[in-house]
1. Select, from Thr194, Thr219, the only residue that is polar (S, T, N, Q), surrounded by fewer than 12 Cβ atoms within 10 Å (Cβ to Cβ), at pLDDT 85 or above and assigned by TED's automatic domain parsing to the domain that holds Ala112.
2. If a residue must be crowded, with 17+ Cβ neighbours inside 10 Å and of a type in the set (Ser, Thr, Tyr), how many such residues does region 1-46 contain?
3. Going through region 111-138 one residue at a time, which ones are assigned to a strand (DSSP E or B) and without any contact (Cβ under 8 Å) to a residue 24 or more places away in the chain?
4. Any residue in region 160-171 that is under 22 Å from Phe236 (Cβ atoms) and surrounded by fewer than 19 Cβ atoms within 10 Å (Cβ to Cβ)?
5. When the residues of region 121-134 are filtered to those that are of a type in the set (A, V, I, L, M) and under 19 Å from Ala223 (Cβ atoms), which remaining residue is farthest from the chain's Cα centre (by Cα)?
6. So Arg206 passes all but one of these: (1) in contact with a Lys or Arg (Cβ under 8 Å, 6 or more places away or on another chain); (2) at pLDDT 90 or above. Which condition number does it fail?
7. Which condition number in (1) out of contact with any Asp or Glu (no Cβ under 7 Å at 6 or more places or on another chain); (2) of a type outside the set (D, E, K, R); (3) over 21 Å from Phe117 (Cα atoms) is the one that Tyr177 fails?
8. Where in region 1-101 are there helices (runs of 4 or more DSSP H), lying fully within it, with 3 or more residues that are at pLDDT below 85?
Amino acid sequence: MGYLVPPAKDIPGELDRNSRISVHIQLRELLRSHIEHGSKAGRQLPSERDMASHFGVARMTLRHAVDALVEEELLERVVGIGTFVARPKMDLSLKLTSYSEEMTRRGMRPSARTLAFEQIPATARLARELQLEEGQGVVRLRRLLLADEEPMSVDENFIPAWRVPGILDGGPPSSLYNTLEERYGLVMEWGEDTIEANASAPSIARLLKVEVGAPVLRTERHAFVARSTVDYSVSFYRADRYKLRVPLLRPGVRPRRMY
């Protein structure tokens, strides 16, 4: 696969050699302005050699400016290929909201591709997680979730079948939590998430359009109504599109603002 590397002359602006502001800072801000106003996420930057020549600076000075923007996560390096304008990472906040609600809140267009929507007998593990007897009916919903048509995560939800009679008759819900609340009166009151870093398996990598072994965030969730687990889910998020944000509060201290 070939990459078209743009020329450095496409970056507007020039350095002021008489300024009291150091050259690498001026260069950093020229690149920042180009990234924010003249480029798109995923676009490659000109080569370091070309940019150093265009601006008349040493490559070490150019690299210093680029390093600062990589550290700010405005740029990202791909070994052996080049430097690219970084895609913004979304906060993976720990909230009991549906995916569609969360993406809509962020101003993105959510969509989903259903991979499985069926009733299965509870395995030993599902029985343990959902507080059921082994072999009892469980509704399984597995989806590829997208935002603005880009794959974001693979989600698999498991719900005790006795809680949601007839749910399979109407086809896959566009918003699972909304359906549970509006149709069955199941309002998720609280939950517990377990999050770990994984290397993507081939089946997950293919769906998320990442390399096999690429890092993913694996989230295991138990969502409760009263003391009963109503939804047990396992999700794999693209680590290049999410970062985890966890508000912290010291015990006994009243928060100054709501998160």
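The values are calculated or read from the model by the stated rules, or taken from the named source; none is laboratory data. Bear in mind that the values here come from a model prediction, so they are computed numbers and not experimental data. Because the Cβ atoms are built from the backbone with ideal geometry, glycine has one as well, and the counts that use them run over all protein chains shown.
1. Working: Thr219 fails: surrounded by fewer than 12 Cβ atoms within 10 Å (Cβ to Cβ).
The match here is Thr194.
2. Summing the residues that are crowded, with 17+ Cβ neighbours inside 10 Å and of a type in the set (Ser, Thr, Tyr) in region 1-46 gives 1.
3. So in region 111-138, the residues assigned to a strand (DSSP E or B) come out as 111-121, 137-138.
Listed by number, the residues that qualify are Ile120, Pro121, Val138.
4. Narrowing region 160-171 to residues under 22 Å from Phe236 (Cβ atoms): none.
No; the residues of region 160-171 include none that is under 22 Å from Phe236 (Cβ atoms) and surrounded by fewer than 19 Cβ atoms within 10 Å (Cβ to Cβ).
5. Restricting attention to region 121-134, the residues satisfying the condition of being of a type in the set (A, V, I, L, M) are 122, 124, 126-127, 130, 132.
Next cut, under 19 Å from Ala223 (Cβ atoms) only: 122, 126-127, 130, 132.
Values: Ala122: 30, Leu126: 26, Ala127: 29, Leu130: 27, Leu132: 32 Å.
Applying the filter and picking the extreme gives Leu132.
6. (1) is the only condition that Arg206 fails.
7. All conditions are met except number (3).
8. Values: elements: 23-38, 48-55, 59-71.
Where helices (runs of 4 or more DSSP H) fall fully within region 1-101 and carry at least 3 residues being at pLDDT below 85, they are 23-38.
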